[in-house]
Structure formats: C-alpha cells, structure tokens
Amino acid sequence: MASTTTNKKQIVDFLWEWAESNGEWSKLLIDRVVSTESNLLPSDRSQVFNYFLQSINLHTGLPALTTTKPNYVPTDKIIELETLSDITGVNKLAKNQTLKFSKNLTIIYGENGTGKTGYGRILKSLGFSYDPNNTVHPNIYGAVEAKTATINFKSNWAAQTFNWTGANKNIELQNISVFNNNCVQISLSDRQLIVSPIGFHLFNIISSELNELTQLLNAKLALHPTAINWSDSLNLGTPQQIFISGLSATSTEQKLTELSSITSAQEQELIDKQTELSQLNKALLQTEIQNLNSSVAELGIIISKIQTSQENFVSENWQKLIDLNKKIASLESKTKTGIKEIAESNGIEFYETPQFQSFIKAAEDYIKVINKPEYPNIQDTCIYCLQPLENEAKILLSSYRTLLNDKTQENLSELKQQKTNLINQVLKIETNLLFHQPTFGIDENQKAIQPTEIIEYNTNLESLKSTFTTNKIVDGSLFSFNYNKYIKFLTDKKTVINEVLEQKKLLLTNLSTKETELKNKISELKDRKFLSTKTTEIKGIISNLKIIEALQSKSNSFSTNAISRKTTDAREQLVEQNFNDLFQAELKLFKKSDLKIELNFGTDKGKSKISHRLKSSYTLADILSEGEQKAISLAEFLTELQLDNIKAPVIFDDPVNSLDHRIIDEVGKRFIELSKQRQVIIFTHSILLLHSLIQQSELDTNKQANVDFEFHKVKNNFGITGILDEVEEMHWVTYYTKRLQAVIDTKPSPDHDEAKLAAEGYGYLRSAIEISVEDDLLKKTVKRYKKGVAFPSLLRIEWSKIDTNKGKINDIYEKCCVSIVGHSSPEEINTTPTIAELKVDYEEFKKVRKIFTS
C-alpha cells in the first residue's frame, strides 16, 4: 500500500545514502522504485541484477550508469465506498441486498448472528488489518455457492466497480483498514506497523526487491552446479580424494593435472602392486620363506659338491695320472726282462697274465713263510706238488725269485696304488647334480627345472671323468674345465635368493605396515586413473566455484540489514516523536492518558516494528484489563491511520466491546471526527454506541459540518441473515404501529393462529406506548440509551394532560403486558387475546396520543 504522510525530511536521502555504499546497480534500483512506488517489473529487475553482475566482472556489455538522486512526490488519494451488493456464497447472507455507505459515517447495527460480520469479512478480505485472518466461509448449512459481491467505489472521485470473487484483490481497495476484536491482542504484541509513514513503504519495497534479487542470485548460483555424485568412488585419504573433497575457488587446474595424469608405467605399477597385495598373507609368506630357505640350502650343497670336484679333479690330477702311467709302464718293462726268454724256452704260456703273476707271487710268499731264503737248492722239491725240480725249473724259479724280490716290483706296486687312489678320488666326483627345489622354476610336469649351466656341468665333467677313470688319457693331453664359471652362476643365484629371502622375512615382520603401504599406493593409483576420466567435469566445477565465490562474496549486497538500519534512522528522525504525540492525544480522548505506556520502535527487513511495555518490562496484556486493552488498541490503530495521507475507508467491527458507557460516547465522537477525514464504517451490536451516534447525528454542530450519517439495521428471517432495514424506525412510534397495523389487517385463515397474532400485535403496541411516553408525553426530556437530561424539553411537558390521561395509558400498557407471549398468568385468570380486542386498544391508544401530539 502506497504511503503519503507528510514529513519534514526526504525519505530519498536515507535511501540514497544506502545506494551510494553499494554501487550503481543500487542507485538504479532506488530510481526505479521511487519512480513507480511499486515492485519492479521482471525485466527491470533483471537489468538491475545484470548491472550487479557487471560490477563483479560476471557480465559485460551494459553501458555505464550515471544515475542521479530521484525526487519523491507522495501519493495523494481519496477512496470512498458507495455500495456493497450482489452478494452470494458468503455465510448465510441474504441475496438482493444493497448496503449503502455514507461519505462520512455508516453504522450497521444488529444483534449477534444477524450478518454484520459477514458484510465486514468481505470488506476485510479486500484491505488490511492487525488480524491477518481473511477467511470468508460459505453457508456451511446449505448448498455451497460461488462467492461473489459487487463493490462500487470512488477513487479520487472517479467511479469504479470491482467484482469480488472471494480470491481476487483490487489495488485501490487494499487501502481499506479494518479493526476487529482479534486486533486487540495482536496490536498490543510486538509487531510491525500496519500503516507505513510517508515514503516508508519505499523501504519495504526495497527490502522486497533485495529479497527478489537474492532469488535471482540463488538462481544464478544454481546455474553453476558444484555437486559431485561420484566422490564416494574415491578412496578416503588419497591426494585425489582430499583434492576433490576440498574443491574451492582457489583450486587449480595445474594441481588437477598433477593428480590425474597417469603413465603406462604407473598403470603397470598398479597391476604389480595389486598382485603383490594379493600375495601378501602370512601363511603364503611363511611358505615362500621356507621354499627360499630350501633353495638356498640346496644351492649351498651343489656349490659345495662343485667345490669338492674343483679340489679333487683338476689339471694337476690329470697330469699326475699321465706321469704315473709313464712310470708304471717303465717299471713293468724292467721286471719282465729275462723271464720272457726263460718262459718261452721252457714252453710256458701266459706268463704275462695276471693269473700267472699271482701264481708266482703266492709261491714266493710261501717260500718266505717256510724260511728257505736259498730256495731252490739241489735237494728242494716243488713247493706246490712236492715233486723233485728239474734243472730248468730250478733256473726259472731262481730267476722269478730274483725278479720278485727286486725293488722295482715294489716301486711298481706303489705307483699302481697311487694310480688307483687317484682314480678312486675322481670316481667320487658327482657328475649328476640335480635341483629338487624349484629354484629355477618348474616345468609343465611340475618338476624342478634344471638350468642349462648344470646340465652342461654334468655332461662335460662326466666326459672328463670317464676319460680319466678308464685310463684313456692321452699323453700330452690337457685338462680344461672352468669350475668357477658354475660356482659363480650358482653363487649369484644364491645371492639373489638371499636378498629376496631377507625381503620376505622383513615383510613378514612388518606385514601390517607393508599391507597398509601397498593399499595406500594402490588407492592412489586407482584414484589417479579414475580421476583422469573426470578432468573435464572437474575443470567445469572449478570454474563454477570461482563464479560462485565471486557471487557469494557480494551476496551481502542484497542483505536487508543495511536498509533496515536506514529505516531505523529515518524512523527515529521522522516518525517516532510524532507517533508518540499522536498516540498520547488519542489516549487522552479515551480517558486513558494516566497509563504510562512506553513505545519502542525497531526494524525488521525494512519494516518498522513497535513494542509496548509498562515500567519497561511488563506487557500490556499481563497488567491491563480487557477494556483498557481495547481502548489502547483503538488509540494505537487511530494513531497509525494518521501516518498515511491516503484517505481510504476504515472499518470498525464491534469496536466498543468491553468498554464502559463513559468511554463509548468518546469513541463515537472520535469516529465522527475521523469520518471528516476519511470514510468510517461501523458494525456494532452495542445499542449504547448506536444511540450515542444517533444523538450526535442530531446535533447542529455535526449538521453544520455536513457530517453525513447512514444507519442500517441487519436482521434474520427464517435462517437468512443480513437482511437490511432502516435503523431509525426502531426509535419511532410509527416503526411499531406499522407492524401493529399489519397484524390487524391480516386476513383470517386456517393457517394463522389468532391468539399468536394478537400477542405479537400487543408486543408492538407495548413498544409504541413506551416510545410515545418518552417522545410525546415527556417531550424527549429523557431517552433510553441516551446520556443526560434535556432540561429545555422539561419546560414543554404538559403535566395536566398527563394527569388526565395517565390512567388510560397505564391500562392499555398493562393489557399489553398480560397479552404478549412472554407473559405468564395463572390459569384461572388467563385470557386469550383477540384481534378484535387488539384493534379496540390500538384505537384507544391513538386517541390518547393525539391529545399530546396535536
């Protein structure tokens, strides 16, 4: 709702101070809001937002702004309701009713449940109030109809019509203000002002626009998503996971490249590490260590055997065997000289055979046993057959004995033994070395692979060994075999295995640490490989984060805190003292100026707030009576209305409930004064307020001031509410005599109960007599529901006529009292009234009344 209260200082000055601290976009915002006094069009709002973006280098192409401080001219408007008609679908309000409104003061009077509030709810739904509940219910007891109403009104004297549907609004009628019973507690609580002082609605609009700009900012942020739905795929704690989880505007593509690049070597490393990890278990390690120990032990044994061969079968042995063969051959040639001739001459065959040699040797040994060193003498016989020896035999035996006892034979035997020993030594050399452990792997038959070097070793050494041990060595041949080659081969292998063995032993000792190390490395390599497929997406997110950081760094530009502070400054300088003065004046009119109420003001998102206290800490609801609260609430409501120059209708629904009769007249007078400035509409069931206003309407001062009063009465008829009537007739004799005459004129019918009709007629006659006494006999000196005594009227009373006719009036009145439905008489004296009796009594009343009115 636009606001129009006149202030000494310019509201724009406060707004411009705020804009100067926020840049050109905010000046453009102020200029647009001040010029329209309404929220911006979407296109204008987008332009302001784009200038904001350009100020933080997120938009280009807009021309530079040179906005100057705008001038603000307050709105001046008068709104006046004329009629409310064509109502359907609202509570149980009657159709075809037209509620006419005075340009000043309209009073709608009726008892509870007669439809006053139904009319009021329609008007309240169009305007504003402390009470935010604007629900308008249909007739819940009948068929539901569409809500409709026609409101004819003037805006600055231009006639307009608004067709209400229950949900639509009219921008002019939104200025209608409403006060009802629900407003009391709300108005006395800590709340916002419902009426903005002049120009203060601009603060509200600016705050609203800042909220809208915040929405645009949020929409802009939403266009730059930063969510990563695959971050859980990364392993916790890896450099990649830490980088992704900590992505921000400061993250760099260089770091991303560093963490996402993966080479073929790293991919192979990943495979190797995964394999290593799969093999990393205690039982497997223990088995591997055991196998490696076995391989080392076997290598040691084979190396030892080769070293033994190296000691026992070398070139020296080869040459020694050649030398022994030569020596043996030489000695053997000597021992056979002479014997050959003797043997051949005596026809002895096989003398060179071993058997023969053994035979001769055994004989010689026997001769030595029998101690015949000179054998054979002449008389000696053969030691084998004991036959005499012939001369040739003696010569042969002597030769053999000479040869056998020669040192040459002994030496020959020694040399042969050396040869035998040498050969035996070589025979011990192993030339069938085999690996039983899978030191060099296993073949397809799951047998240990024999390395080529060992096969070569066995083959070559076996050849040399066979040549040596079968005495096939050729004189001049050389021994050639490289033992060190094979020893080195096996020693190197043993060294490698020992190194692996030590690693395995260390690994077994630090199994948990190694497992963690491998897993960490595998995780890092996996995440590196995974991240390499996401680089484009992450680069986009980093770019978005930089934009978001730029937007969020300036998001407080749209905060309403600063504009709220400016609202506070403006309110303190332009409103608070004036508000307090007006409020104290209203309290004085309602005779409540003795209540020392402390008003405190604040600001919430550009809107002024007010709170009330007694003695700084007590709320009004905690201390004051219901009537006091009502009076203060009314005073505050009337104060707020004075803050705005738009002269729109103000509606009061039962405004004097809980107020005592001394204040009701003051409230009525205040409403009359208010109606001189703006249209006032009152819905009430208070007969005191009604009569107070009727009495005021008759005063010359109000007539001279051209204060126009319009009185309506609402009533029920067969369950239908809101039936309009003229309220003035209730206080005239003719109001009741018309109804009385209608009863008398009722034609007899079986559908009518005469006694009931007569009783109804006597009720009207009774009311007519009471008003006639007040108006005709006592000349309105005193009136029910009216304050004071009209002493000038006292002089016009005709006392003699009263003395003459008071008995007749009293008789008729008593007849009415015993004839109405509400009167109860003993059955023995009970009389049933008739229309004929009623007619007679009515004619008598008219005669008596004529005496006082003619």
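The values are calculated or read from the model by the stated rules, or taken from the named source; none is laboratory data. Note that the coordinates shown come from a computational prediction; the quantities given were computed from them, not determined experimentally. Virtual Cβ from ideal backbone geometry, glycine too; neighbours counted across all protein chains shown. We work out accessible area using only protein heavy atoms, side chains counted, and drop any ligands, DNA or RNA first. Shrake-Rupley method; radii C 1.70, N 1.55, O 1.52, S 1.80 Å.
Values for this structure:
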item: Heavy-atom SASA rank of HIS712, HIS752 (probe 1.4 Å, accessible area, largest first); result: HIS752, HIS712
item: Most to least accessible of GLU517, GLU316 (protein chains only, probe 1.4 Å); result: GLU316, GLU517
item: Accessible area (Å², 1.4 Å probe, nearest 10) - TYR842; result: 20 Å²
item: Estimated vicinal HN-Hα couplings, Hz - region 372-377 in sequence order (Karplus 6.51, -1.76, 1.60; Gly, Pro = x); result: 10, x, 8, 4, x, 8
item: Percentage of interatomic Cα-Cα distances in region 565-668 larger than 17 Å; result: 57 percent
item: Cut-off under 5 Å, modelled amide H: who pairs with THR106 long-range; result: VAL680, ILE681, ILE682, GLU710
item: Percent carbon-and-sulfur accessible area, the chain, ignoring ligands, DNA and RNA, probe 1.4 Å; result: 50 percent
item: Value in Å of the Kirkwood radius, where region 291-334 supplies the Cα pairs that are averaged; result: 13.1 Å
item: ILE262 accessible area, 1.4 Å probe, all protein chains in place, Å² to nearest 10; result: 40 Å²
item: Average accessible surface area per residue within the chain, 1.4 Å rolling probe, Å²; result: 53 Å²
item: The chain - mean residue ellipticity at 222 nm from DSSP helices (-39,500 (n - 2.57) per run, n ≥ 4, rounded to 500); result: -17500 deg cm²/dmol
item: Residue-by-residue Karplus 3J(HN,Hα) for region 278-291, coefficients 6.51, -1.76, 1.60, Hz, glycine and proline x; result: 5, 8, 8, 9, 4, 4, 5, 4, 4, 5, 4, 4, 4, 5
item: Solvent accessible area, Å² - ARG784, 1.4 Å probe, full protein context; result: 100 Å²
item: Cut-off 10 Å between beta-carbons: net charge of the residues surrounding ILE632, Lys and Arg +1, Asp and Glu -1; result: -1
item: Cβ-derived FRET efficiency at R0 51 Å, SER532 paired with GLU311, nearest 0.05; result: 0.25
item: For region 626-697, alpha-carbon Rg over 2.2 N^0.38 Å; result: 1.06
item: Label-point separation, TRP230 to THR135 (7 Å along Cα→Cβ), nm; result: 5.3 nm
item: Förster-model FRET efficiency, 60 Å R0, ALA329 and THR495, C-beta, rounded to 0.05; result: 0.80
item: Region 503-529 residues near the modelled GLU267 label - backbone nitrogen below 20 Å, point 7 Å along Cα→Cβ; result: 521-529
item: Computed E for THR746/LYS806 - FRET, C-beta separation, R0 41 angstrom, nearest 0.05; result: 0.85
item: Kirkwood Rh (inverse of mean 1/r, distinct Cα pairs), the chain, angstrom; result: 42.0 Å
item: Packing rank of 300-311, 177-188, where each peptide gets the mean count of other beta carbons within 10 Å, highest leading; result: 177-188, 300-311
item: Relative contact order (%) - criterion: Cα under 8 Å, at least six apart; region: the chain; result: 22 percent
item: Solvent-accessible ranking of TYR109, TYR762, largest area first, probe 1.4 Å; result: TYR109, TYR762
item: Inter-label distance for GLU572 and LEU223, nm, one decimal - labels placed 7 Å from Cα along Cα-to-Cβ; result: 4.1 nm
item: Computed magnitude of the charge dipole of region 1-143 (debye, nearest 20; Cβ of K, R +1, Cβ of D, E -1); result: 480 debye
item: Tail beyond 16 Å, pair distance distribution of region 701-818 (Cα, percent); result: 73 percent
item: Protection proxy ranking of 94-101, 204-211, 225-232 - average other beta-carbon atoms within 10 Å, highest first; result: 204-211, 94-101, 225-232
item: Reference-scaled alpha-carbon Rg (2.2 N^0.38 Å with N residues) for region 173-267; result: 2.21
item: Partner lysines for LYS779 [C-alpha distance under 16 Å; skip if fewer than 8 residues away on the same chain]; result: LYS787, LYS801, LYS806, LYS850
item: As computed over region 408-548, the Cα convex hull volume per residue (Å³); result: 228 Å³
item: Contour excess over end-to-end distance, with Cα ends at SER555 and GLN450 and 0.36 nm allotted per residue; result: 29.9 nm
item: Amide H partners (placed H, <5 Å) of ILE723, local residues excluded; result: ALA94, LYS715
item: Difference of contour (0.36 nm per residue) and Cα-Cα distance, ASN281 to GLN379; result: 25.6 nm
item: Long-range HN-HN contacts of GLN10 with modeled amide H, under 5 Å; result: none
item: Net lengthening on full extension, LYS394/HIS661 (0.36 nm per residue, minus Cα-Cα); result: 77.0 nm
item: Cβ charges +1 (Lys, Arg) and -1 (Asp, Glu), total dipole of region 22-105, debye; result: 260 debye
item: Vicinal HN-Hα couplings computed from phi for region 422-432 (Karplus, 6.51 cos²θ - 1.76 cosθ + 1.60; Hz; Gly/Pro x); result: 5, 5, 4, 4, 6, 4, 6, 5, 8, 10, 10
